[in-house]
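Take a look at the structure below.
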Amino acid sequence: MTRETRVAVEDLVYPLFVHGADRNEPVASMPGVERRTIADLVRECREARDLGIPAAAIFPVIDPSRKDARGTHALDAGNLLFCALGEVKSAVPDLVLIADVALDPYTDHGHDGVLTPDGRDVDNDATVEILCDLAVREAQAGADIVAPSDMMDGRVGAIRSALDAAGLGNTPIMAYAAKFASAYYGPFRDAVGSRRPEGAPPISKATYQLDPANLREALREVEQDEREGADMVMVKPAGPYLDVIRAVRERTDLPLAAYQVSGEYAQIHAAAAAGWLDYAPCRDESLLAIKRAGADMILTYFAREVAESLRSRVRGGAA
Ligand code: PBG
């Protein structure tokens, strides 16, 4: 009765990986997470919807042979992501589909955009042009919300204009507004295959993602995305950035999402597997803390099992 914060199934967004192979494949660094076939993605989405999860975020795992320096496959008609969005949308129309807008699944260097001619940095404005095209095609393929995760400057406004010009004025933008250059994305990069090969130096996204030390800069990024027309904003990662979530909550009236990223998920699993942490209570506490900090919705790989556990608690209570 006196509880101030609750995590409800309606708060959850379920990130899912899809690949073009003919069977599912586990992601070693993310126990319980799989790269799914399109058919299995559709099945999982239907079950998620039946559990009451309102939305899924779909990430494609692109075959290395289709990657190049400019990520050209991102715009190819009928590519894996567009097919997956279309199939899920027609099979499970009432599940909100969120499509990531970034080039990292498609570039052979793993950056979120195309590089400058000297190859030393991402070319912000050239990338934004491609992302506009990608966002429009994603929405046409079946995405209900487009979510630029690339952190290029000016992309929210540009994507808004591109969507409007394409007659997609009702497609909202969930901006990855405060996305930090975090070391917690490692398992995700394994999952989508954007991590550098063994021995190669890891790429740095520090010229476009935020310095983990900077709260005020994060607030400026949120303000900029809001001014450019973002319909919701996101803080990412979530658990190590609860202060940022709280500060953003106090500054904006937009819906606020927080992304509990792959590394946050992996660390709870790893500690539990070693017998050092109690799995389910830690999982639930990690999400409760993100809600308490001020998030309205949480992207989490735990979404399905938390939805199941919430449902069994309700059932248990009613019995
Ligand atoms: C890239 C992207 C990343 C994640 C979502 N979109 C990784 C990155 O910036 O390299 C990470 C999500 C996670 O770690 O769970 N566009």
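The values are calculated or read from the model by the stated rules, or taken from the named source; none is laboratory data. Since the structure is predicted, the reported quantities are computational estimates derived from the model, not experimental observations. In this analysis, Cβ positions are derived from the backbone assuming ideal geometry, glycine residues included, and neighbour counts consider all displayed protein chains. Ligands, DNA and RNA are stripped out before the accessible areas are found, and what is left, the full protein with its side chains, is counted by its heavy atoms. Shrake-Rupley method; radii C 1.70, N 1.55, O 1.52, S 1.80 Å.
Listed highest first by mean packing, meaning other Cβ atoms within 10 Å per residue, what order do 288-296, 136-144, 43-51 come in?
Final packing ranking: 136-144, 288-296, 43-51.
At 222 nm, what helix-only mean residue ellipticity would the chain give, in deg cm²/dmol to the nearest 500, using -39500 (n - 2.57) for each DSSP H run of four or more?
After summing the helix terms and dividing by the residues of the chain, the value is -12500 deg cm²/dmol.
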Lys, Arg +1 and Asp, Glu -1 on Cβ, resulting dipole of the stretch 262-314 about Cα centre, debye, nearest 20: 140 debye
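Please find the FRET efficiency linking ARG23 to ALA200, where r is the Cβ-Cβ separation and R0 is fixed at 25 Å, and quote it to the nearest 0.05.
It comes out at approximately 0.30.
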Accessible surface, the stretch 49-162, averaged per residue in Å² (probe 1.4 Å): 35 Å²
Among LEU134, PRO31, VAL233 - extreme Cα towards positive end, dipole of the chain, charges at beta-carbon: PRO31
Global geometry of the stretch 126-253, whether rounded, prolate or oblate, following the gyration tensor of its Cα atoms and the 1.5 cut on a/c: oblate
Cα pair count fraction exceeding 38 Å, expressed as % - the chain: 8 percent
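Within the chain, how many Lys pairs that are eight or more residues apart, or on different chains, come under 17 Å at the alpha-carbon?
Details: LYS179/LYS205; LYS179/LYS236; LYS205/LYS236; LYS236/LYS291.
Taking the chain as the scope, the lysine pair count is 4.
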Residues ASP284 and ALA181, FRET efficiency given R0 of 30 Å [Cβ-Cβ distance, rounded to 0.05]: 0.55
Surface share of carbon and sulfur [accessible, 1.4 angstrom probe, percent] for the chain: 50 percent
Alpha-carbon gyration tensor eigenvalues x 5, square-rooted, for the stretch 89-152, Å: 27, 10, 8
Computed over the chain: relative contact order in percent, which uses C-alpha pairs under 8 Å that are six or more apart: 19 percent
The stretch 56-210: equivalent-ellipsoid semi-axes (sqrt of 5 x gyration tensor eigenvalues, Cα, Å): 24, 18, 14
Dipole moment magnitude, nearest 20 debye, the stretch 1-75 about Cα centre, only Lys, Arg, Asp, Glu C-beta charged: 160 debye
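Only bridges with both residues in the chain count here: give the DSSP antiparallel percent, nearest 5.
10 percent
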Order by protection proxy (mean Cβ within 10 Å, highest first), peptides 236-244, 68-76, 254-262: 254-262, 236-244, 68-76
Sites ARG46 and GLU129, calculated FRET efficiency, Cβ-Cβ separation with R0 45 Å, nearest 0.05: 0.80
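Under a 1.4 Å probe, what is the accessible area of the stretch 197-319 per residue, stated in Å²?
49 Å²
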Spatial separation of Cα centroids for the stretch 136-182 and the stretch 224-303, in angstrom: 21 Å
Pair GLU308, SER90: separation of 7 Å Cα→Cβ label points (nm): 3.0 nm
